[in-house]
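Quick notes on the structure that follows.
The values are calculated or read from the model by the stated rules, or taken from the named source; none is laboratory data. In this text, all values refer to a predicted model and were calculated from it rather than measured experimentally. Reconstructed Cβ throughout: ideal geometry from the backbone, glycine too, with neighbour counts over all protein chains shown. The protein model used for the area step is the full one, side chains on, heavy atoms only, and it has no ligands, DNA or RNA in it. Shrake-Rupley method; radii C 1.70, N 1.55, O 1.52, S 1.80 Å.
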Amino acid sequence: MIYVVIQFSAILLLIINTNINNISTYSLILFIASAIIGVTAIINMKISNLNIMPELKDNHKLATNGIYKYIRHPMYTSVILLCLGFLLTEITTVNIIAMLILTVNLFLKSRLEEKLLEQRFNNYKDYKNNTYRFLPFI
């Protein structure tokens with residue numbers, strides 16, 4: 001639960017501090033990329049798998065197709081890109097700290113989820129070894 005509270009607090013802070021008069025082309029590109037990745041992830045994972053809590057549903061199915069063929073946590077990638085777009089509209093110490101906290105939080109949350117996935121799915125370790133966490137090739 002703490003991961004979700006930290007995640008949404010950081011996102012909310014970045015949204016509140018967004019300077020809509022200072023939205024650059026870079027921010028727009030990040031917003032569009034975030035939307036494409038997020039929608040693609042939801043389509044590929046099936047909406048029944050969607051869960052903001054770092055826990056697996058009883059009927060959870062491992063998604064390894066589409067965007068999940070390349071990255072294990074595209075929803076987190078989407079959030080990070082979206083929030084980077086917000087950050088670029090108003091680069092302040094508070095916003096940079098919020099972005100760093102969000103990124104570390106999502107990394108830790110993904111580690112917890114991966115432990116749960118390894119316990120549930122025998123093939124998860126192989127999948128994990130052949131994909132990237134948030135961005136392809138990084």
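In region 76-95, the residue that is nearest to residue 36 (Cα to Cα) out of those that are touching a residue at least 40 places away in the same chain (Cβ under 8 Å) and of a type in the set (Ser, Thr, Tyr) is 78. Please indicate, with yes or no, whether at least one residue in region 63-70 is in contact (Cβ under 8 Å) with a residue 24 or more places away in the chain and under 21 Å from residue 2 (Cα atoms). No.
For residue 52, the conditions (1) among the β-branched types (Val, Ile, Thr); (2) modelled with pLDDT under 95; (3) open to solvent by less than 70 Å² (accessible area, probe 1.4 Å) are fulfilled apart from (3). Across region 113-138, the qualifying residues are those that are at pLDDT 90 or above and part of a loop (DSSP other than H, G, I, E, B), and the one among them that is farthest from the chain's Cα centre (by Cα) is 122. Scanning region 17-30 for residues that are surrounded by 11 or more Cβ atoms within 10 Å (Cβ to Cβ), more than 15 Å from the chain's Cα centre (by Cα) and without any contact (Cβ under 8 Å) to a residue 60 or more places away in the chain turns up 28, 29. In region 109-123, which residues are touching a residue at least 24 places away in the same chain (Cβ under 8 Å) and either open to solvent by 80 Å² or more (accessible area, probe 1.4 Å) or farther than 27 Å from residue 5 by Cα (or both)? Answer for region 109-123, where residues must be touching a residue at least 24 places away in the same chain (Cβ under 8 Å) and either open to solvent by 80 Å² or more (accessible area, probe 1.4 Å) or farther than 27 Å from residue 5 by Cα (or both): 120, 121, 123.
Whether any residue in region 21-30 is farther than 20 Å from residue 135 by Cβ, at pLDDT 90 or above and among the β-branched types (Val, Ile, Thr) is what I want to check. Taking every residue of region 21-30 in turn, at least one turns out to be farther than 20 Å from residue 135 by Cβ, at pLDDT 90 or above and among the β-branched types (Val, Ile, Thr). Scan region 116-138 residue by residue and report those that are of a type in the set (Ser, Thr, Tyr) and within 20 Å of residue 104 (Cβ to Cβ). Matches in region 116-138: 132 only.
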